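Trainee: Pasting in a structure now, in structure tokens, and then I'll have a few things to ask.
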Amino acid sequence: MPIQYDKNWKKIIFRRRALVITAVAIQLFFILAVAIGFHTLLRYVYWTLYVAGLVFGVRIINRHEKPAAYKITWIFLMLISPIAGGLLYLVLYFQTNQRKYRAIIKEALPRRVEAAFLPGDTLPELRDQPGYLQARFLQTYAQFPLYQHTSCEYLPSGEAFWERAFEEMAKAEKYIFLEFFIVNPGYLLDQLLILLEKKVKKGVDVRLMYDDIGCFMSLPNDFPMQLQQRGIQCFVFNRLSAVLSSIQNNRDHRKIISIDGKTAFSGGVNIGDEYINAYEKYGHWKDAGIMLKGDGAWGLTLIFLHMWNVESELKKTHQDHYAAFYPWTTEPCPVPSDGFALPYSENPIDGNNVGSQVYLQIINTAQKYLYINTPYLILEDSLRLALTLSAKTGVDVRIITPHRPDKRAVHLLTRSYYRNLIEAGVRIFEYTRGFNHSKTFVADDTVATVGTMNLDFRSLYLHFECGVWLYRTTAIRHIRDDFLATQAQCEEISLASCKTTLPTRIVQDALRIVAPLI
């Protein structure tokens, strides 16, 4: 039975969202009004807040968990108005909700790490190979183990992703876990719910977690209740609040499907008809995903379960024991090894910046070629310098971005980085068929990553993300070949085409200042 929508459900959603946005806007206006009022009426309070703003500025400069661009943005706000900037910083970053969230994630972490090593420790198998240092960083520092006994299948489109996902979900015997940023009504969602309802009736544990902002205007308010009535457990991640808060910036941008812990998927694909080109939203939608079978699938399963347990703790519901979901308790994993796979995730609250470190290490160790797919190219200095240095040393660096944007301001900002990269020798291509939503890195036929992280500040520093690091698997050549096939459908950007008018340059420069907030 399809999801039921009130005939005025779009108006209802719009009203609810509009009220939240209006409440946040009023709070921002109040901060500005207070700043102006203190300036003109209460001189001593004004100077107190002025000094506080300067103190916050010093604190921002000395924070280490975010790149310099974040500091520049906040310092710029402080320069414009130390009072308004200081009050905004105080409201956003000195709240109990973020500290509480950080504590819950940290408390649940040791249980995830312990369960992650149930297949054993594979890292010593890589000791004498060039990929060892990156794998050691991810396992010992970020605490995401390396796995063998895993087959990796690269999925070069949303159509391929969902075709394989439906095939594997139909085989589920114990559980199906799904975590997505976007869930849009349409043909794909209807077919997915039909399958999931059938599996529920056969006793399969089915769970869905989706982000509230990602489904901002797409789902009815009672969608979780309708799923519960079908036997599908559902959590809405970080519901949008009318209270101004930094935690609202941290969204769940992950895409994960786990089937019995034996098979798992990730990549750029969400639940929506545009991802399978059932309709053209921004021209042809190009995407990519990865399917893991074997021990590697367990790593993605734990990333889901960890977040599910965090949400369970916040909502005071049942906590899962991870080991109960491990599929290879009575016999070893029968999947032959095909190189190495390492699922990892990004947690924006802990300040470790795992995703950006994965990208930086692939860039810095590439010797022959480096091919990158990304829908957004908004670079902080370390990534920009790494890409330009790699190209200057003779590495064939190529990047594919969309030609038809989903957000015009973001695309204008993306293009502001082209000239510097091209001058250094980086080749940039725009996908002329439509929108390129793939997030892939591949280098030297030996290392690659496929996941959910865009090359922008929001993905790398604000969102919960995930990906799969691959080393010497057969899928790596497929990622390379798909990049080259996509490049054939692109227009290469030249230095001449990067020329802009003065008004455009001024707008781009202004966008660069606020890029960490976009």
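The values are calculated or read from the model by the stated rules, or taken from the named source; none is laboratory data. From a predicted model like this one, the values you see are computed outputs, not experimental measurements. Heads up, the Cβs are rebuilt from the backbone with ideal geometry, glycines too, and the neighbour counts pull from every protein chain shown.
Each row is one residue, and each column tells you yes or no for (1) surrounded by 22 or more Cβ atoms within 10 Å (Cβ to Cβ); (2) at pLDDT 95 or above; (3) hydrophobic (A, V, I, L, M, F, W, C); (4) outside the structural domain of Arg458 (by TED's automatic domain parsing).
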| position | (1), (2), (3), (4) |
| --- | --- |
| Cys152 | yes, yes, yes, yes |
| Phe177 | yes, yes, yes, yes |
| Glu197 | no, yes, no, yes |
| Met225 | no, no, yes, yes |
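Trainee: Could you tell me whether Glu331 is touching a residue at least 12 places away in the same chain (Cβ under 8 Å), more than 30 Å from Cys490 (Cα to Cα), outside the structural domain of Arg433 (by TED's automatic domain parsing) and not small (Gly, Ala, Ser)?
Mentor: On the way: touching a residue at least 12 places away in the same chain (Cβ under 8 Å): no; more than 30 Å from Cys490 (Cα to Cα): yes; outside the structural domain of Arg433 (by TED's automatic domain parsing): yes; not small (Gly, Ala, Ser): yes.
The answer is no for Glu331.
Trainee: When residues of region 418-450 are filtered for being in contact with an Asp or Glu (Cβ under 7 Å, 6 or more places away or on another chain), of a type in the set (D, E, K, R) and surrounded by fewer than 21 Cβ atoms within 10 Å (Cβ to Cβ), how many remain?
Mentor: Of the residues in region 418-450, 1 are in contact with an Asp or Glu (Cβ under 7 Å, 6 or more places away or on another chain), of a type in the set (D, E, K, R) and surrounded by fewer than 21 Cβ atoms within 10 Å (Cβ to Cβ).
Trainee: Is at least one residue of region 483-492 closer than 29 Å to Asn347 by Cβ and touching a helix residue (DSSP H, G or I) at 6+ places or on another chain (Cβ under 9 Å)? Walk me through how you get there before you give the answer.
Mentor: Residues of region 483-492 closer than 29 Å to Asn347 by Cβ: 483.
Imposing the further condition that a residue be touching a helix residue (DSSP H, G or I) at 6+ places or on another chain (Cβ under 9 Å) reduces the set to none.
No - not one qualifying residue is present in region 483-492.
Trainee: Oh, and also: Considering only region 450-490, state which residues are part of a loop (DSSP other than H, G, I, E, B) and over 15 Å from Asn436 (Cβ atoms). First the steps, then the outcome.
Mentor: Filtering region 450-490 down to residues part of a loop (DSSP other than H, G, I, E, B) leaves 452-454, 456, 463, 472-474, 488-489.
Once the filter is applied, which keeps residues that are part of a loop (DSSP other than H, G, I, E, B) and over 15 Å from Asn436 (Cβ atoms), region 450-490 yields His463, Arg472, Thr473, Thr474.
Trainee: Output the qualifying pairs, or none if there are none: Cβ atoms under 8 angstrom, residues six or more apart or on different chains, first residue in region 347-369 and under 17 Å from Leu462 (Cα atoms), second residue outside any helix (DSSP H, G or I) and of a type in the set (Gly, Ala, Ser).
Mentor: Short answer, once both residue conditions are applied: Asn352/Ala142; Val354/Ala142; Val354/Ser345; Gly355/Gly451; Gly355/Gly467; Gln357/Ala142; Val358/Gly467.
Trainee: When you check Gly203 against the structure, is it in the same structural domain as Lys315 (by TED's automatic domain parsing), surrounded by fewer than 18 Cβ atoms within 10 Å (Cβ to Cβ) and of a type in the set (Gly, Ala, Ser), yes or no?
Mentor: Working: in the same structural domain as Lys315 (by TED's automatic domain parsing): yes; surrounded by fewer than 18 Cβ atoms within 10 Å (Cβ to Cβ): yes; of a type in the set (Gly, Ala, Ser): yes.
It is true that Gly203 is in the same structural domain as Lys315 (by TED's automatic domain parsing), surrounded by fewer than 18 Cβ atoms within 10 Å (Cβ to Cβ) and of a type in the set (Gly, Ala, Ser).
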